[in-house]
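The values are calculated or read from the model by the stated rules, or taken from the named source; none is laboratory data. Only a predicted model underlies this, so the values are computations on that prediction, with no experimental measurement involved. Note that we place each Cβ from the backbone using ideal geometry, even for glycine, and neighbour counts take in every protein chain shown. Remember, those area values only see protein heavy atoms, side chains included, never the ligands or the DNA or RNA. Shrake-Rupley method; radii C 1.70, N 1.55, O 1.52, S 1.80 Å.
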Amino acid sequence: QVQLVESGGGLVQAGGSLRLSCAASGRTFGSYAMGWFRQAPGKAREFVAAINWSGDSTHYTDSVKGRFTISRDNAKNTLYLQMNSLKPEDTADYYCAAAKRPYTTTYYDYPSWGQGTQVTVSS
């Protein structure tokens, strides 16, 4: 399985931006579909965005469309989530996940997970 480590979280004011990164170990990163999920305190983990192995197909949950962009650099074994126009409701722990299958929006389809990075958006 691929090992994943997220970074880039922090505290930002509403309207601001953050860029999350997810570094993957191993030489097979390019064969994995990747996803970003988030979990707010007291809430279930929810899908945010996903990208296929080559990076030419993406999918977003409605609440982040037009504000977040998922991308990947297979040469650097890294997944990104550019988050713009952040809102207080985006506050959560953000997780990247990997799956050797077409991407889905369902967290249990992803067997590999990072430890998460915290994003806090103040109003």
Residues (open to solvent by less than 10 Å² (accessible area, probe 1.4 Å) and not in a strand (DSSP E or B)) located in region 57-74 = 64
From the set of residues in region 85-110 that are more than 19 Å from residue 17 (Cβ to Cβ) and touching a Lys or Arg at 6+ places or on another chain (Cβ under 8 Å), which is surrounded by the most Cβ atoms within 10 Å (Cβ to Cβ)?
-> 95
Pick from 82, 1: which is open to solvent by 40 Å² or more (accessible area, probe 1.4 Å) and at pLDDT 95 or above?
-> 82
Name the residue, out of 85, 57, 17, 71, that is on the phi > 0 side of the Ramachandran plot and of a type in the set (Gly, Ala, Ser).
-> 85
Cβ-Cβ under 7 Å pairs, at least 6 apart or on other chains, region 27-56 side open to solvent by less than 30 Å² (accessible area, probe 1.4 Å), far side assigned to a loop (DSSP other than H, G, I, E, B) and among the charged types (D, E, K, R) | 32/100; 33/101; 37/45
Considering each of 36, 53 in turn, give the residue that is under 21 Å from residue 9 (Cα atoms), of a type in the set (Phe, Trp, Tyr) and in contact with a Phe, Trp or Tyr (Cβ under 8 Å, 6 or more places away or on another chain).
-> 36
Just give me the residues in region 4-41 being at pLDDT below 95 and either of a type in the set (A, V, I, L, M) or under 22 Å from residue 88 (Cα atoms) (or both), in sequence order.
-> 41
